Each structure stands twice: as C-alpha cells, then as structure tokens.
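The structure under discussion appears below in the form of structure tokens.
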Amino acid sequence: MTDCLIAFGGNLSNPKVTFKIALEDLCGNGFHLEKKSGLWRSPAWPSGSDQPAYLNAVVKGAFTGAPLQLLSLMQSIETKHGRVRGVPNSARTLDLDLLTFGNEIKDTPELKLPHPRMLDRAFVLVPASEIEAKWLKRTEELPLQDIRATRYVGAW
C-alpha cells in the first residue's frame, strides 16, 4: 500500500454530499482513508468567471494499486457524479486530483506526480495543512489574499 493525498473540489449540485459519496466509492475500491480535512470554500478561478464558489477538501490515505489505477478509479468516480471534461476551469460537480503518491515522481501525458500546481493553490494547501503539518510551511509562500479567500466551512 502506498500513501497518497487526494484533493476534492466541486461547485455544482451539492458538493458536500458528492464528496461523501465519492469518498465511499474510493474506500470501496482499494483506498484506505487515514485522515480528511474539513470543507473549505474558495472563489472560482479565474476570478470574474461568474461561477459559484468551490468547496474543497483533501484526504490522506493509502492505495493498494498503482498510481494509474488510482487515477482511473478517480476519473470513473468523477464521471459517475456528472463530471464533464473539455473546458478548462469550468464549473464541475466533482474534481478529484491525485496530489501525491508515495515519493513517486512521474511526468507523463496521463499523470504528473506530485501534482504540478498543488503548491500554487491555497484551496489545496490550506486543507492539506490541516491533515499534514508539513504543508503549512508551503502556505506561507502563497499570496495572502488567496489564503484569506479560502474559508473554513465545517466538517463533512
């Protein structure tokens, strides 16, 4: 089993309920949950896109398969919940991002590990720092307005 971090995001339908069901789907297919952050609200990106705010969370766990197997599982769960791909940064019911998979470094068209933009995103690092203190130091490198815009909503 390999330790991994997965980010959850969504701004359509009811993300809190969607996150719960998606996590159950992950746990029923080889993912073993260790910790989960609370829910965090952040403005849609890019600013001015007129989308609803996002809910975000991060979970830590271990997976029994390979990273591409986990990615495939995550994408099938996204599809199950109505995720439509094609338009970058569009509103979505569910977005699952594999942030880390052990110490694996990968740069392929299908998968980049660690996630190439995770260190630039308060909506990822703030919830990640809730479950692993090592990410807290990285939040200090983010713009203060991004951190302030990421608001705690509660448990899920």
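The values are calculated or read from the model by the stated rules, or taken from the named source; none is laboratory data. Since the model is a prediction, treat every value here as computed from it, not as a measurement. Every residue, glycine among them, receives a Cβ derived from its backbone with ideal geometry; neighbour counts consider all protein chains shown.
With the checklist (1) closer than 28 Å to Arg148 by Cα; (2) surrounded by fewer than 19 Cβ atoms within 10 Å (Cβ to Cβ); (3) charged (D, E, K, R); (4) modelled with pLDDT of 95 or more in hand, flag the one item Glu24 doesn't pass.
The one condition Glu24 does not meet is (1).
Only residues that are basic (Lys, Arg) and assigned to a strand (DSSP E or B): list them for the stretch 1-41, please.
Within the stretch 1-41, Lys35, Lys36, Arg41 meet the criteria.
All but one of (1) under 13 Å from the mean Cα position of the chain (by Cα); (2) at pLDDT 95 or above; (3) not hydrophobic (A, V, I, L, M, F, W, C) hold for Gly154; state the number of the condition that does not hold.
It fails just one condition, (1).
Going through the stretch 27-47 one residue at a time, which ones are closer than 16 Å to Thr93 by Cβ and buried (at least 19 other Cβ atoms within 10 Å of the Cβ)?
Leu39
Of everything in the stretch 104-127 that's more than 14 Å from Arg41 (Cα to Cα) and aliphatic (A, V, I, L, M), which residue is farthest from the chain's Cα centre (by Cα)?
Among them, the one singled out is Ile105.
Which one is nearest to Pro67 (Cα to Cα), of the residues in the stretch 79-103 that are among the aliphatic types (A, V, I, L, M) and under 14 Å from the mean Cα position of the chain (by Cα)?
Checking each candidate, the answer is Leu98.
Go through the stretch 1-12 and give me each residue that's out of contact with any Gly (no Cβ under 7 Å at 6 or more places or on another chain) and polar (S, T, N, Q).
Keep residues of the stretch 1-12 that are out of contact with any Gly (no Cβ under 7 Å at 6 or more places or on another chain), which gives 1, 5-12.
Across the stretch 1-12, the qualifying residue is only Asn11.
Pick out the one residue from Thr64, Thr93, Thr79, Thr100 that is of a type in the set (Ser, Thr, Tyr), closer than 20 Å to Ile21 by Cβ and touching a strand residue (DSSP E or B) at 6+ places or on another chain (Cβ under 8 Å). Break it down stepwise before answering.
On the way: Thr64 fails: closer than 20 Å to Ile21 by Cβ; Thr79 fails: touching a strand residue (DSSP E or B) at 6+ places or on another chain (Cβ under 8 Å); Thr100 fails: closer than 20 Å to Ile21 by Cβ.
Answer to the selection: Thr93.
Looking at (1) closer than 28 Å to Arg148 by Cα; (2) touching a helix residue (DSSP H, G or I) at 6+ places or on another chain (Cβ under 8 Å); (3) among the polar types (S, T, N, Q), can you tell me which one Asn29 breaks?
Result: Asn29 fails condition (1) only.
Which residue, of Leu12, Leu23, is free of Cβ contacts under 8 Å to residues at least 40 places away in the same chain and farther than 20 Å from Pro116 by Cβ?
Leu23
Can you name every residue in the stretch 1-48 that is hydrophobic (A, V, I, L, M, F, W, C), more than 12 Å from the chain's Cα centre (by Cα) and over 20 Å from Val87 (Cβ atoms)?
Met1, Val17, Ile21, Leu26, Cys27, Phe31, Leu33
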